[in-house]
Every structure is written in structure tokens, then in C-alpha cells.
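Trainee: This structure is in C-alpha cells; I'll ask about it shortly.
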Amino acid sequence: MVNESPFSLAGQRAIISGGATGLGLGMTEAFVAAGAEVVIVSRTPSADLDRFGGAVHQVQHDVTDTDAAPELVREIEQRFGAVDILVNNAGNHRKKRVEEMTVEDFTDVLDVHLVGAFALSRAVLPAMRERGRGSLLFIGSMTSYIGMTAVTGYSAAKSGVLGLVRALAAETGTDGIRVNAIAPGWIDTPMFRGATDGDPERLGKILGRTPMGRVGAPSDIGNAAVYLSSPAASFVTGVCLPVDGGAVVGF
């Protein structure tokens, strides 16, 4: 008899916010490959899910509609079954220098990355506590660690995510729930291209401080997400794993 891999997600069900594009799609693909069933939560429906053969479902929801989060989770559990994993990935971006960024711009970024993620996490926790198991995964950022220009709202939101991870890990550990984060380096996604297109100086700086000398692929984040959500990481909680080609330690 062959033992099941500790990296398997067979029989697990995951919600991935923003799971139809970019990093989210990379995680969706990796989760399905590891045996999980995935429910994508996104503002706009995707027409490109047939290739997953029924392993991926989609529910339309804006994470900033925080009052609706509990009902969303109830609907998902009624339609598809218990949620074992929540990946808070939905994001937005405002590339503006601080003088140009309005308070509305700033709070709009926080509302998606931080407040929306908190609301979804809060909504899935009661059932996870009742079952005595669960995994919450947040997406951090290099801007959680290093200062970058023109991303004050994004940096503040992602730094707040790390505090949220530590607090939730401390509060839910005895309930069998693990809470972790990934800090992606610079990954080839539409959001990355939007931040670097037409800005060769910024791109050169990014590559210059990345020891591996390249940007990553969404699958790099997907594979890390599978690990942190799997039994292989059963004694890992409260951490943020940089997946960055060495950028955090680069010079």
C-alpha cells in the first residue's frame, strides 16, 4: 500500500478569492493538480473554467461587500460542502505617488487587500473551529518588507496582512486552524506588467535586486500555496514565506 503524499489536497475544498487570473489562477491550477476542489470568488465571472472538468466552481462576489461575506460562505458550504482552505488573494492596485493618491484611493486598496480578507476569514472560521481544522492563507508582498515608491496604499495593506496573520495564528492555533502567508516576489502577472510597463527603471531595479535575475511564474506561488495548505505544513502557522528569487535578501 502506497501512502498518500503529505502534499496532497485530495478531498479538500478551497475558496480562492480572485482565483481566475494572475496569481490566483496559478494557485487554482496547483490546487486542482494536488487533488482539491476549488471555489473561485471573483467580481466578474470567467468563461475559461471548463478545462478543470468540474473541479472548479465560481461564485460572483465583491470582497469589499463585507456584510455579505457570512452569507457567501453559507451559500458555498450549502452548494459544494465544507470549506477546508481559504486563500485571500483578491487584490487591486493604485500606482500613484503619495501626493497624487487620494484618501479614497488609499482606502480602496485597504478595503480589498486587508478589510475584505479579514471579513472572509471571519466568515469561514466558525465552521472550521467546529470541525477542529482549517487553513487560512493570505497573499503578502515584497512591499511588506521593503520600501517602494508609488505604492503607499498597497504597502500599508500588505504590511497589515502580516499583522493579521500573526494575530489570527495566535488566536486560532488551539482550534486546529493554521494561518500563513506568502510574499510573492515579482511574478509575471497582469498586475506586475501594469506596474512595470513603460517604467524600465523600475523593472531594472527589480531584476537588479533579485539574485536569481528573473521574475517568477504564477505556478511558483501555486506550488508554495499547496505546501502551506497541505498536511506537509501541519506544524507551520503564523509565518510568511517569501517566494521571490531571493529579492528580500538581495542587494
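Trainee: Hey, what does the equivalent ellipsoid look like for region 13-243, semi-axes from the Cα gyration tensor as sqrt of 5 times each eigenvalue, largest first, whole Å?
Mentor: 27, 19, 18
Trainee: Right, something else. Could you run the Karplus curve 6.51 cos²θ - 1.76 cosθ + 1.60 with θ = phi - 60° over region 221-236 and give me ³J(HN,Hα) per residue in whole Hz, x for Gly and Pro?
Mentor: 6, x, 5, 5, 5, 4, 4, 5, 8, 9, x, 4, 10, 5, 10, 10
Trainee: Using +1 at the Cβ of each Lys and Arg and -1 at the Cβ of each Asp and Glu in the chain, identify which of Gly245, Gly116, Ala169 lies farthest towards the dipole's positive end.
Mentor: Of the listed residues, the answer is Gly245.
Trainee: Among 215-228, 190-203, 140-153, 16-29, how do they line up from the highest to the lowest mean number of other beta-carbon atoms within 10 Å?
Mentor: 16-29, 215-228, 140-153, 190-203
Trainee: Take the Cα atoms of region 135-181, build their convex hull, and give its volume per residue in Å³.
Mentor: Residue-normalised Cα hull volume stands at 51 Å³.
Trainee: Using a Förster distance of 35 angstrom, determine the FRET efficiency expected from the C-beta separation of Asp50 and Phe7, and round it to 0.05.
Mentor: 0.85
Trainee: Size of the dipole of region 13-243 about the Cα centre, Lys and Arg at +1 and Asp and Glu at -1 on the beta carbon, nothing else charged, in debye to 20?
Mentor: Here region 13-243 has a charge dipole of around 640 debye.
Trainee: Amide H neighbours of Ile187 under 5 Å, counting only residues 5+ apart in sequence or on other chains, H built in-plane at 1.01 Å?
Mentor: HN-HN under 5 Å from Ile187: Gly216.
Trainee: For region 189-243, take the alpha-carbon Rg, divide it by the Kirkwood Rh, and send me Rg/Rh.
Mentor: 1.10
Trainee: Give, rounded to the nearest 20 debye, the magnitude of the charge dipole that region 98-138 has about its Cα centre when Lys and Arg contribute +1 at Cβ and Asp and Glu contribute -1 at Cβ.
Mentor: Charge dipole of region 98-138: 740 debye, to the nearest 20.
Trainee: I've got another one for you. Just to confirm a number: summing +1 for Lys and Arg and -1 for Asp and Glu over residues other than Ala183 whose beta-carbon lies under 15 angstrom from that of Ala183, what do you get?
Mentor: Spelling it out: positives minus negatives among the neighbours equals +1.
Trainee: Something else now. When the Cα centres of region 168-232 and region 40-115 are compared, how far apart do they sit, in Å?
Mentor: 18 Å
Trainee: Here's another thing I want to ask about it. What per residue convex hull volume, in Å³, do the alpha-carbon atoms of region 68-167 yield?
Mentor: 96 Å³
Trainee: 5 Å is the cut-off here: which amide hydrogens, built 1.01 Å from N in the peptide plane, fall below it relative to Gln12, excluding neighbours closer than 5 in sequence?
Mentor: Glu37
Readers should treat all values here as calculations from the given coordinates under stated rules, not as data from a laboratory. This is a predicted model, so every value here is computed, not measured. Positions of Cβ are backbone-derived with ideal geometry, glycine not excepted, and every protein chain shown enters the neighbour counts.
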